[in-house]
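The values are calculated or read from the model by the stated rules, or taken from the named source; none is laboratory data. None of the values given here were measured: they were computed from a predicted structure. Neighbour counts are summed over all protein chains in view; Cβ atoms, including those assigned to glycine, are modelled from backbone coordinates with ideal geometry. Note: areas computed on protein heavy atoms with side chains; ligands, DNA, RNA excluded. Shrake-Rupley method; radii C 1.70, N 1.55, O 1.52, S 1.80 Å.
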Amino acid sequence: PRPCCPGEAGANIIEVSKEARKRFLGPLHPSFNLVKTIRGCLLKTLPADSHERASGRLGISLTRVSDGENVIISHFNSKDELIQANVCSTFIPVYCGLIPPSLQGVRYVDGGISDNLPLYELKNTITVSPFSGESDICPQDSSTNIHELRVTNTSIQFNLRNLYRLSKALFPPEPM
């Protein structure tokens, strides 16, 4: 089995960004399909036995649409099932589309919507965030006027730098 290549993963992210930027309204344009793009990248990148390697070692946090409950999937019967769980976990309603993807006949969306830190109570959990706040690994903004926003078990500082980061997360900048 070939090892994972961080450079290839980074190149995939840049390609997705370039694809989104090609259109008026960027990723919000109806012809841009983030779910299809993510699925394609994972199909190309993940090895055939990725579901066996991931089972019992990787937990993917999802929000079940029917009741809004957080669900962690950690067993995968096939590579396609592992990919579909990832697709569900990245689906942000409206931004990614109107009809949520399904896994084994159940519709799911991003797990962060119901609980952004579902395993927080475990002592060995390291929290990572692209936004400044209380995560173990996150940007440190030097600001004297800090307002905190608590969303689905996550603390995020409400400041201009984080608003800028959010805009760049939703609307990708130039690849450079």
Per residue accessible area in Å² of region 1-115, where ligands, DNA and RNA are left out and the probe is 1.4 Å: 58 Å²
Each label point is 7 Å from the Cα along the Cα-to-Cβ direction; what then is the distance between the points at residue 137 and residue 80, in nm? 3.4 nm
Please give the length that would be gained between residue 107 and residue 14 if that part of the chain were fully extended, namely 0.36 nm times their separation in residues minus their C-alpha to C-alpha distance (nm, one decimal). 30.6 nm
Charge tally in the Cβ shell below 14 Å around residue 175, where Lys, Arg are +1 and Asp, Glu are -1, residue 175 excluded: +1
In straight Cα distance, which aspartates and glutamates are under 20 Å from residue 44, not counting same-chain residues fewer than 8 positions off? 8, 15, 19, 52, 80, 81
At 7 Å along Cα-to-Cβ for each site, give me the label-to-label distance between residue 33 and residue 69 in nm. 3.1 nm
